[in-house]
Amino acid sequence: SDLALVGDRLLSGNASADATALVAGTRGATYELRGGATVMFSPDAEFTFEPSMRVKIRKPGDPETLARVIRMVRGRAEVTIPANLKEPTAVYFRTPGKMSAIAKEGRSTFIVDGGQTTAASREGELLVGIGDLWKPLHAGLARTLALDDPTAVPHPILGTPVVTASPAVLLSQRGEPAHAAMSWSPVKDAVRYELTVTESVGNETSPVSQV
């Protein structure tokens, strides 16, 4: 990951250089950015770390915030910004299209998928820009810029499905294979479902597969 700037630390997964961008491996890539934010890229996500910049996103009179800048070409990025950081930080997402977003607190999601781009605020507030027009996006809402929605009208984030595993706990000894069946409740208005399997080693969690 030579294209990551000094101060960014790869926590799990991997990303390889491809021309002028980084491409996350089959297990994705999770970085702790300079400033304290964490970004988890989906498998095969293509992105570039760009020089940080100072942005005015706080209350009037507050100092500018140093934002890590990431250009997303494709894929998903899950951002977490802890509330107990010594210095305010932000993550500024840019795309080849007109939508940009600045995550300044809590948890947010940014997706570039073909002809559409989505920014979603799960916890805290997110700033979303369409061209030069920036507006806050509150928790529980998302905006999707697409050909059939050129203004990216805010809409509620879909509900969370109830996932059931059978059996609930698996034990595998000496590398023996283990199998489990997963099912989940339908979510209204969902057009597809993504299932991510992760593994935890110590304090680190990384995706194993995504379908």
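Each reported figure results from applying straightforward, stated rules to the coordinates on display, with no laboratory input. Since the structure is predicted, the reported quantities are computational estimates derived from the model, not experimental observations. Neighbour counts run over all protein chains shown; Cβ positions are idealised from the backbone, glycine included.
Short version: ³J(HN,Hα) in whole Hz for each residue of the stretch 136-143, in order, from phi by Karplus 6.51 cos²θ - 1.76 cosθ + 1.60 (θ = phi - 60°), x for Gly and Pro, what are they?
x, 10, 7, 4, x, 10, 9, 10
Would you mind checking which residues have amide H under 5 Å from residue 52's amide H? H placed 1.01 Å from N; only 5 or more apart, or other chain.
Placed amide hydrogens put 69 under 5 Å from residue 52.
Can you pull out the GluC sites (Glu not before Pro) in the stretch 20-79 whose DSSP state is coil and whose Cβ has at most 14 other Cβ atoms within 10 Å? Kindly include the intermediate steps, with their values, before the conclusion.
Values: sites: 32, 46, 64, 78; in loops: 64.
Here the GluC sites (Glu not before Pro) that fit, given the DSSP loop and packing criteria, are 64.
What does the extension gain come out to for residue 55 and residue 179, with contour length at 0.36 nm per residue minus their alpha carbon separation?
On the way: separation 124, 0.36 × 124 = 44.64 nm, distance 4.88 nm.
Full extension of this stretch gives 39.8 nm more.
Percent antiparallel among DSSP beta bridges with both residues in the stretch 58-161, to the nearest 5? Display every interim value, and only then the final one.
Values: 35 of 41 bridges.
Bridges in the stretch 58-161 that DSSP calls antiparallel: roughly 85 percent.
Using only the alpha carbons of the chain, determine the length spanned along each of the three principal axes and report them from longest to shortest in whole angstroms.
So the three principal-axis extents are 58, 41, 37 Å.
Trypsin sites (Lys or Arg not before Pro) within the stretch 97-134: which are DSSP loop residues with at most 15 other Cβ atoms inside 10 Å?
98
Are there any trypsin sites (Lys or Arg not before Pro) in the stretch 25-74 that are in a DSSP loop and have at most 16 other Cβ atoms within 10 Å? List them by number.
Taking the stretch 25-74 and a limit of 16 other Cβ atoms within 10 Å, the loop trypsin sites (Lys or Arg not before Pro) found are 56, 58.
Charges on Cβ only, +1 for Lys and Arg, -1 for Asp and Glu, centred on the Cα centroid of the stretch 1-62; of 51, 29, 16, which one is farthest towards the dipole's positive end?
Highest projection toward the positive end goes to 51.
Could you list which residues have their amide H under 5 Å from that of residue 141, counting only those 5 or more apart in sequence or on another chain, with H placed in the peptide plane?
Placed amide hydrogens put 121, 157 under 5 Å from residue 141.
Please give the contour-minus-distance gain from residue 195 to residue 155: 0.36 nm per residue of separation, less the Cα-Cα distance, rounded to one decimal in nm.
Stretched fully, the residue 195-residue 155 segment lengthens by 12.1 nm.
Write down the percent of antiparallel bridges among all DSSP beta bridges whose residues are both part of the chain, to the nearest 5.
Rounded to the nearest five, the antiparallel share is 90 percent.
Would you mind checking the stretch 39-62 for residues with the amide N under 14 Å from a putative spin-label position 7 Å along Cα→C-beta of residue 85?
39-40, 52-58
Please enumerate, by chain and number, the aspartates and glutamates with C-alpha under 18 Å from the C-alpha of residue 56, excluding those fewer than 8 residues away in the same chain.
Of all the aspartates and glutamates, those that pass the test against residue 56 - Cα under 18 Å, at least 8 places apart if same chain - are 64, 87, 105, 125, 132.
For the cross-link pairs 86/135; 135/188; 59/188, which exceed 32 Å when the distance is taken from alpha carbon to alpha carbon? The partial results should precede the final answer.
On the way: 86/135 26 Å; 135/188 27 Å; 59/188 37 Å.
Flagged as over cut-off: 59/188.
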